[in-house]
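Structure record follows, encoded as structure tokens.
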Amino acid sequence: MTCLDMSCLASRNMKVQKNHTEPLLDALDQVLNSNTAWLHFDVFETQYFELERFIVRQLRSGMFHLKLIENDLSRGWENLVSITYSKHWKDSPVILPIPGNSWNGKEQLTITEISEKKAGEYLTDLLTGDDKWLPKRHKGPFLKKIEAKKIIRDFLEPLSPQPNKMVTFHLIEPDFLFSIEDYYESDYTQIGYFEQQGRDFVLAILTEDHNKDTSFLKVLMTNGGV
């Protein structure tokens, strides 16, 4: 099904998020003071797939920004949209994206493939302040490790590799979207996401499901400021 209006897009994204992902997203929001994003991209060309090229294509086309808007709506923030009313349909609000784009134009991305175990350790660092891989550059409030590990295990388990299902995890340097500071310095046209306060994080999860003959990319992003 092709979505041509914002209500359809938001509805579809809500169905994706109301499952194993929500506890992790909410925990990251709380611990990091983050607007955590969980984005979904269908992948139709797998034979010559290259992750950096694919993501840059989403950025160039505006699809990445559209996914951020979907996420903004489905998580109930409404920071990237404005609401108005039609003259003929006064009781039905119309949702419009605010002007601007979040991509800063960078096309050379720094991407590192990591194991599922290491992905879990990075998430543990974010939730507990345990600086095994990430420096402790924020004050929390942190979760206890046992609580964090349960949330992360519940998040990763449905995403784990299985027979005929290949899953790879990739860290991406969080420098390809505008920062919040850019937003204020550009007359509000460069829509900032990253905050450059030690809480920016991007994890891409690529899945090839041979049983269903489908491939898709999930992108988890955090920001956060004082």
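Inspection of the stretch 204-224 identifies at least one residue that is under 26 Å from residue 51 (Cα atoms), crowded, with 17+ Cβ neighbours inside 10 Å and among the charged types (D, E, K, R). Restricting attention to the stretch 148-176, the residues that are surrounded by 16 or more Cβ atoms within 10 Å (Cβ to Cβ) and outside any strand (DSSP E or B) total 9. Number of residues in the stretch 69-96 that are among the small types (Gly, Ala, Ser) and at positive phi equals 1. Return yes when residue 179 is small (Gly, Ala, Ser) and either touching a strand residue (DSSP E or B) at 6+ places or on another chain (Cβ under 6 Å) or surrounded by 13 or more Cβ atoms within 10 Å (Cβ to Cβ) (or both) and no when it is not. For residue 179, the condition - small (Gly, Ala, Ser) and either touching a strand residue (DSSP E or B) at 6+ places or on another chain (Cβ under 6 Å) or surrounded by 13 or more Cβ atoms within 10 Å (Cβ to Cβ) (or both) - is met.
Screening residue 110 against (1) under 23 Å from residue 206 (Cα atoms); (2) among the β-branched types (Val, Ile, Thr); (3) surrounded by 15 or more Cβ atoms within 10 Å (Cβ to Cβ) leaves a single unmet condition, (3). Of the residues making up the stretch 201-215, those that are modelled with pLDDT under 95 and in contact with an Asp or Glu (Cβ under 9 Å, 6 or more places away or on another chain) number 2. Residue 4 satisfies every condition listed in (1) at pLDDT 95 or above; (2) within 24 Å of residue 216 (Cβ to Cβ) except (1). Residue selection: residue 63 fails the criterion of being modelled with pLDDT under 90 and not β-branched (Val, Ile, Thr). All of 187, 182 fail the test of being without any contact (Cβ under 8 Å) to a residue 12 or more places away in the chain, over 16 Å from the mean Cα position of the chain (by Cα) and over 16 Å from residue 33 (Cβ atoms), apart from 187. Can you work out which of the residues in the stretch 60-107 that are surrounded by fewer than 12 Cβ atoms within 10 Å (Cβ to Cβ) and among the β-branched types (Val, Ile, Thr) is nearest to residue 179 (Cα to Cα)? If we take residues in the stretch 60-107 being surrounded by fewer than 12 Cβ atoms within 10 Å (Cβ to Cβ) and among the β-branched types (Val, Ile, Thr), then 83 is nearest to residue 179 (Cα to Cα).
The values are calculated or read from the model by the stated rules, or taken from the named source; none is laboratory data. Since we're looking at a predicted model, the values are computed, not measured. We place every Cβ from the backbone using ideal geometry, glycine too, and count neighbours over all the protein chains shown.
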